Amino acid sequence: YTGSARELVDLLLAQWDLHNLLTLVRGHAARAAPDDVLAYVVPVGGLDDASAREVARQRELAVAVQLLAAWRLPTPALARSLVTAWPEYERTGNLAALETQLADAHAEHVAAALDRLGDDARPLRDAHARQVDARNLLAALRLRQALAASETDRLDPELERRAMLGGGRLSRESLAAVARAAAPEDARVILARVPAGPPWVEAVGRWARGGDLVELEDELDARLTREAVALFHRGDPLSVAIPVAYAAAKEAEARNVRVLAEAALRGVDPVLARSRLLLA
C-alpha cells in the first residue's frame, strides 16, 4: 500500500500501536521481566522487535518514555501524547489515568485523521466510531452501576470525562445522562432519543430486562465484528472496506481459538463453549 491507502491501513492497525505502548508502560510500572513484557507485544505497527526490546530492558519507566519520545514510537502522535501525559503521572503515579489519557488522545487522533481523508476513509471511520461508541456506552453503564450499588455517592464530572473516549458519535452529554439514569429502562430511553443511539437500543433493552454488562459487552463485540466482516460482501472491493473486514475476521478467529483452548483446558461443556464462539 502507498499514499492514502497506506495511511488508511496504518490507521486500521493503529489499535495495536496503542496496545503495545500500554503493554510496555504496564510492564515497567509492574517491574516485570523484559521477556515477560515482550510476550504481550503484538508485532504489528510501528514498534519492531529491536525497539520494543530496548524499551522493555530499561531499568526505569522514565528512561523508557524518553526513548519512545526520541524515536517517536510507536507513532509520532502516540509519542507526543505520552510526553504530554507523563508529568501528571510523575506527580500522581496514577497508571489508570495515564492509560486513559493515552487512549483518549489516540482515539481523537485516529478520528481526526479519518475525517481528513474524506470519503475514502468512510468504512474505517464508521467502524472506528462504532467501536468508540460501544466502549463509551459500556463505561457509562458501569458508572451507573457503581452509583446504583452505592459504590460512589456521586459521579465526579472529571471521572466521567476521563471515562469517555473522544472520536465517537454518542455525545458526552448523552453518555453522562445514561450514567445518571435512575433505572435501566431509563438508560434505554435516553439512548433511543439521541441520533447515534438507535443501533444500540435493542441490545441495551435486553440488558435493561435483566441481563448483565458482560453479556451486553459480548453482544456488542459480536455486532461490531459481524458489521465489519460484512464489508467483504457489501463494501467497495477497491476501498479500505476489505482490509477492515479482513482484520475483523482474523481477530474473530483468534478469539475463537482462545475460547476453544480455554474450554479444552478447563473441561467446559462443548455446548457452552460453542455459544461463546464468534461466528461472523
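The values are calculated or read from the model by the stated rules, or taken from the named source; none is laboratory data. Here the structure is a predicted model, which means the values were calculated and not measured. Ideal geometry is used to build each Cβ from the backbone, glycine not excepted, and the neighbour counts take in all protein chains shown. To get the accessible areas, we keep the full protein, side chains included, count just its heavy atoms, and leave off ligands, DNA and RNA. Shrake-Rupley method; radii C 1.70, N 1.55, O 1.52, S 1.80 Å.
Assorted remarks:
- Selection among ALA222, VAL42, LEU82 by position relative to the dipole of the chain gives ALA222 as farthest towards the positive end (Cβ unit charges, Cα centre).
- Estimated distance in nm for a label pair at ARG80 and ASP236, the labels positioned 7 Å out from Cα along Cα-to-Cβ: 2.8 nm
- Rounded, prolate or oblate (a/c below 1.5 giving rounded, otherwise prolate when a/b exceeds b/c) for the range 58-107 by Cα gyration tensor: oblate
- Largest GNM mean-square fluctuation across ALA254, ALA107, ALA230, computed for the chain with C-alpha springs under 10 Å, falls on ALA254.
- In this structure the range 181-278 gives 60 Å² per residue of accessible area when probed at 1.4 Å with all protein chains present.
- For the residues LEU98, LEU47, LEU238, a GNM of the chain with alpha-carbon springs under 10 Å puts the largest fluctuation on LEU238.
- Figure note: HIS109, HIS28 ranked by solvent-accessible area, largest first, 1.4 Å probe, ligands and nucleic acids not counted: HIS109, HIS28.
- Taking all protein chains together and rolling a 1.4 Å probe, TRP200 ends up with roughly 10 Å² accessible.
- Here the alpha carbons of the range 210-280 define both size measures, Rg and Dmax, at 14.2, 45 Å.
- If you wrap the chain in the convex hull of its Cα atoms and look at it from every side, the mean projected area works out to 16.7 nm².
- Debye-sum result for the range 118-275 in log10 I(q)/I(0), which assumes one identical scatterer on each alpha carbon, at q = 0.10, 0.15, 0.16 Å⁻¹: -0.44, -0.91, -0.99
- Counting only Cβ charges, +1 for Lys and Arg and -1 for Asp and Glu, the dipole size of the chain around its Cα centre is about 180 debye.
- Separation in nanometres of the label points that stand 7 Å from Cα toward Cβ, at ARG122 and ASP48: 3.8 nm
- Highest-fluctuation residue, ALA148, ALA32, ALA50 considered, GNM on the chain with Cα pairs under 10 Å: ALA50
- Net length gained if the chain between ARG266 and ARG6 were fully extended (0.36 nm per residue, minus Cα distance): 89.4 nm
- Accessible surface ranking for THR2, THR92, 1.4 angstrom probe, highest first: THR2, THR92.
- Label-to-label distance, GLU215 versus SER275, with points set 7 angstrom from Cα along the beta-carbon direction: 0.9 nm.
- The charge dipole of the range 18-96, taken about the Cα centre with unit charges on the Cβ atoms of Lys, Arg (+1) and Asp, Glu (-1), comes to about 140 debye, rounded to the nearest 20.
- Rg to Rh, two decimals, where the range 1-154 supplies the alpha carbon set and Rh follows Kirkwood: 1.01
- For the range 95-200, a/c is not less than 1.5, where a ≥ b ≥ c are the root eigenvalues of the C-alpha gyration tensor, and a/b does not top b/c. That puts it in the oblate class.
- Over the chain, relative contact order from alpha-carbon pairs under 8 Å, at least 6 apart, %: 13 percent
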